[in-house]
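Note sheet for the following structure.
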Amino acid sequence: MTTLPDDVMLVVLSHTDIDTFLERRLLNRKLHALIKTHIHGLTKAVAQGAFPKQTRILLNGGDSRDPAHAGASLRWLKALRYQQLAAILLERRSLHAISAEDPLGDDLIHQLALGWRVLQRFAEISREVDACPSRDLPLRDLKRSQLAPTERDTAIEIACLRELEICARRIVYVETLPAQALKAYKSLRHRELLKEIFGSPRTPSPAHDDADVKNDHEFIANPWVFSQVAKSGAEVFWRSWWGKVTGSPEDVDSSKLDIEAAWRRKEPLLKTYEAQGILCIDRQLNRIMAHLRRRYKSSHDPPILQSTMLSDNFEPLLVARERQRLTEAGELAPDFVLTGVRIEQTLDWEAFGAKPNVHIRVVDEEARRQRRRASGFLVKQPVLLPGYEELLTEWDEGWVQRRN
């Protein structure tokens, strides 16, 4: 390609997809220099080619043509992937879907994109720890009593130590996130991925009266599935949904197939450590959110702002109702533009040990409320392995000093 005249190379580059464009700029110095000189026009052309039916995703590209702003243009192009993943989720959700071209959905897309960024950073942390030599891993407490004789192999212990180190680094990262990013991650973790994509019948909680925390395999399978997603990050969904889909089931269902293969391949103890790493992050995040709620409630912001700043859920229902009102008033709703993207990769949850819906017994709501009142509305926490309890203890001890 580098033997072609510059004007021909520019035409070729402008018609590539985002991933190919980002790869080619690293092939050699000549291509890199050419792309840097024409970075603004090229990124715009590549984005327009990637999203031909969409306009709102391209609105915030900036208009600087100074090569010195090449970094900003590339960051914008890379960020479009998170925006697009968010738009796909918003359009393809089972309830209260909003068009990617509807201005009313802009805030929701921004929120979901934050969640994808957090997920991608989780995956980067996993890769960083996996690349560390085993001798550099901090020695933490492993529940060796759970090891069967065949599982006392050093490789299993090292894998468990890696999971503890991944969790430790993610805890440090989560603590730096603003409230909006925490909300975005929680929505992606508990609703968008597990329910909309993988078809989990519910997000089990030890607070449910119909779940035995110690024996309910669904409570383990749910965070374990998300632990595998957190290792692969947003990139796997980008490739499956948009980036390089060839139409074969292997491409469309890549996440589902990878997760099912990992479940069959991995040792039970390692799967437990992977699942508990996510539960540990859940507990730590809930503590941070509780602290921030108390801070917002003590602020001078209006009560309605305090109630929405740290709401665990987004407001797609309110947005959908506003769209319905505007449509009834004569404003045409934008067409859905992502209907050809299939996001569902429904897992066979029973294969992971989860109980089918028919086994979930109905709980008397009044009896549930009475028990919650008697317990002071305290939510039972899952029992974590010693290494994870140690991580949370370390975090608790430094939290007050870091925040005050």
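Residues 44, 36: which one is buried (at least 18 other Cβ atoms within 10 Å of the Cβ), part of a helix (DSSP H, G or I) and of a type in the set (D, E, K, R)?
Testing whether each residue is buried (at least 18 other Cβ atoms within 10 Å of the Cβ), part of a helix (DSSP H, G or I) and of a type in the set (D, E, K, R) leaves just 44.
When you look at residue 273, is it under 24 Å from residue 185 (Cα atoms), at pLDDT 90 or above and outside any loop (DSSP other than H, G, I, E, B), yes or no?
yes
Sort out which residues of the range 10-39 are more than 27 Å from residue 241 (Cα to Cα) and basic (Lys, Arg), and write them in order of number.
Hits for the range 10-39 are 29, 30, 36.
So how many residues does the range 13-33 have that are loosely packed, with under 15 Cβ neighbours inside 10 Å and more than 21 Å from residue 58 (Cβ to Cβ)?
Qualifying residue count, the range 13-33: 8.
The conditions are (1) of a type in the set (Lys, Arg); (2) modelled with pLDDT of 70 or more; (3) in a loop (DSSP other than H, G, I, E, B), and residue 325 fails exactly one of them. Which is it?
(3)
Tell me yes or no: at least one residue of the range 276-297 is modelled with pLDDT of 60 or more and assigned to a loop (DSSP other than H, G, I, E, B).
No, every residue in the range 276-297 fails to be modelled with pLDDT of 60 or more and assigned to a loop (DSSP other than H, G, I, E, B).
Is it the case that some residue within the range 355-363 is at pLDDT 65 or above and either surrounded by 13 or more Cβ atoms within 10 Å (Cβ to Cβ) or closer than 30 Å to residue 100 by Cα (or both)?
So far as the range 355-363 goes, yes, one or more of its residues are at pLDDT 65 or above and either surrounded by 13 or more Cβ atoms within 10 Å (Cβ to Cβ) or closer than 30 Å to residue 100 by Cα (or both).
With the checklist (1) modelled with pLDDT of 90 or more; (2) closer than 30 Å to residue 188 by Cβ in hand, flag the one item residue 45 doesn't pass.
Result: residue 45 fails condition (2) only.
The values are calculated or read from the model by the stated rules, or taken from the named source; none is laboratory data. Not measured: the values here are computed from a predicted model. Cβ coordinates were reconstructed from backbone atoms using ideal geometry, including for glycine residues, and neighbour counts include every protein chain displayed.
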